[in-house]
Amino acid sequence: LTAVAMLALGIGSTTAIFSIVDAAVLRPLPFPDPDRLVGFSYMTPRGQSTGAAPRAFLDWRENQDVFEAIAATAGIALTTADGGEAESLRSARVTADFFAVYGVRPLMGRFFDYEAEQPGREKVAVLAYRFWQRRFGMAPDVVGKSLVTDRGSYEIVGVLPESFQYPAGLSWQMDVLVPFVFDAAARQHGVVQSGLLGVAARMKKDVTREHAMAQMNLLDDRFESKRVAWNADQRIVLSSLHELLTGPTRSWMLLLLG
């Protein structure tokens, strides 16, 4: 009986742990052609990584020819303010190419475009499936309605499919996506900007990661990002998006499985 109990406990726990490790570390990312997805970071001589400045991202997007799409993301704090129970939303600001990078199509409505990155045109929102289900009761006429928040009212233009998972960590669910706005300060040349943006891209089929990284560093030398002080001694590193997302947990999860 003791041996049977020990075997049952060992087999059960190992199976459970393997299921977690498989979903979080071993399985490819749930996007089309996930091997072509890369993430950007600046690396200092000491091995520390930072994000990209808005001006640098614009230079990359406007001049690169190695990616099918390149997108930037940043956090934003939103809280519902529609007269009901206030809810702190898991939300992010994303550029227009975010949806092309991850190969996702809207379940309902549409996604926003480059015009929404302009000041005064950014009050549009795309809802995650579960948030649409939870907050709006899966209303079929949700597109065109307003999402009222502490930062103003956003017109709902689309809903993401249920299968889409925001690529930011294990089982982490997003509620709302809104446009990242490049205002005059973000577009200005010759000023110091902080590296607040996370950047991801989808490589073209005939492009290697080494080729893409070489071009991005050439652009970095040529354009604005090398003329601001905060990243003068840093170089761009392109990594597999899968490695970036699973890297912090990969070692200890595999050790736990062992």
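The values are calculated or read from the model by the stated rules, or taken from the named source; none is laboratory data. Only a predicted model underlies this, so the values are computations on that prediction, with no experimental measurement involved. Neighbour counts are summed over all protein chains in view; Cβ atoms, including those assigned to glycine, are modelled from backbone coordinates with ideal geometry. Heads up: the accessible areas ignore ligands, DNA and RNA and are worked out on the full protein's heavy atoms, side chains in. Shrake-Rupley method; radii C 1.70, N 1.55, O 1.52, S 1.80 Å.
Taking the stretch 38-66 as the region of interest, how many residues are within 20 Å of R93 (Cβ to Cβ) and touching a residue at least 24 places away in the same chain (Cβ under 8 Å)? Please lay out each step first, then the result.
From the stretch 38-66, those within 20 Å of R93 (Cβ to Cβ) are 39-42, 50-62; that's our starting set.
Pick out the ones that are also touching a residue at least 24 places away in the same chain (Cβ under 8 Å) and you get 39-42, 50-61.
Residues meeting the conditions: 16.
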Members of the stretch 24-68 that are in contact with a Ser or Thr (Cβ under 7 Å, 6 or more places away or on another chain) and of a type in the set (F, W, Y): Y42
Would you mind stating whether F99 is aromatic (F, W, Y), surrounded by 15 or more Cβ atoms within 10 Å (Cβ to Cβ) and part of a loop (DSSP other than H, G, I, E, B)? no
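Which is under 16 Å from E62 (Cα atoms), at pLDDT 85 or above and outside any helix (DSSP H, G or I), of A212, A200?
On inspection, the qualifying residue turns out to be A200.
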Are any of the residues in the stretch 70-86 assigned to a loop (DSSP other than H, G, I, E, B), at pLDDT below 95 and in contact with a helix residue (DSSP H, G or I) (Cβ under 7 Å, 6 or more places away or on another chain)? no
Which condition does T73 not pass, out of (1) open to solvent by 30 Å² or more (accessible area, probe 1.4 Å); (2) over 12 Å from A200 (Cβ atoms), if it passes all the others? (2)
Within the stretch 1-47, the residues that are open to solvent by 80 Å² or more (accessible area, probe 1.4 Å) and under 18 Å from F164 (Cα atoms) are R27, P28, P30, D35
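So which of P161, P167 ends up being assigned to a loop (DSSP other than H, G, I, E, B) and modelled with pLDDT under 90?
Values: P161 fails: modelled with pLDDT under 90.
Criteria check complete, one pass: P167.
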Could you look through the stretch 147-171, keep only residues that are in contact with a strand residue (DSSP E or B) (Cβ under 9 Å, 6 or more places away or on another chain) and free of Cβ contacts under 8 Å to residues at least 40 places away in the same chain, and pick out the one that is nearest to S91 (Cα to Cα)? Y154
Which residue pairs have Cβ atoms closer than 7 Å, lie 6 or more positions apart in sequence or on different chains, and pair a first residue in the stretch 71-86 that is within 16 Å of F57 (Cβ to Cβ) with a second residue that is open to solvent by 50 Å² or more (accessible area, probe 1.4 Å)? T73/R93; A74/R93; A74/L196
Any chance you could count how many residues in the stretch 52-64 are within 16 Å of V101 (Cβ to Cβ) and either touching a His at 6+ places or on another chain (Cβ under 9 Å) or assigned to a loop (DSSP other than H, G, I, E, B) (or both)? 1
When every residue in the stretch 48-62 that is out of contact with any strand residue (DSSP E or B) (no Cβ under 6 Å at 6 or more places or on another chain) and open to solvent by 40 Å² or more (accessible area, probe 1.4 Å) is compared, the one modelled with the lowest pLDDT is Q48
Single unsatisfied condition, F131 versus (1) farther than 17 Å from D82 by Cα; (2) within 23 Å of the chain's Cα centre (by Cα): (1)
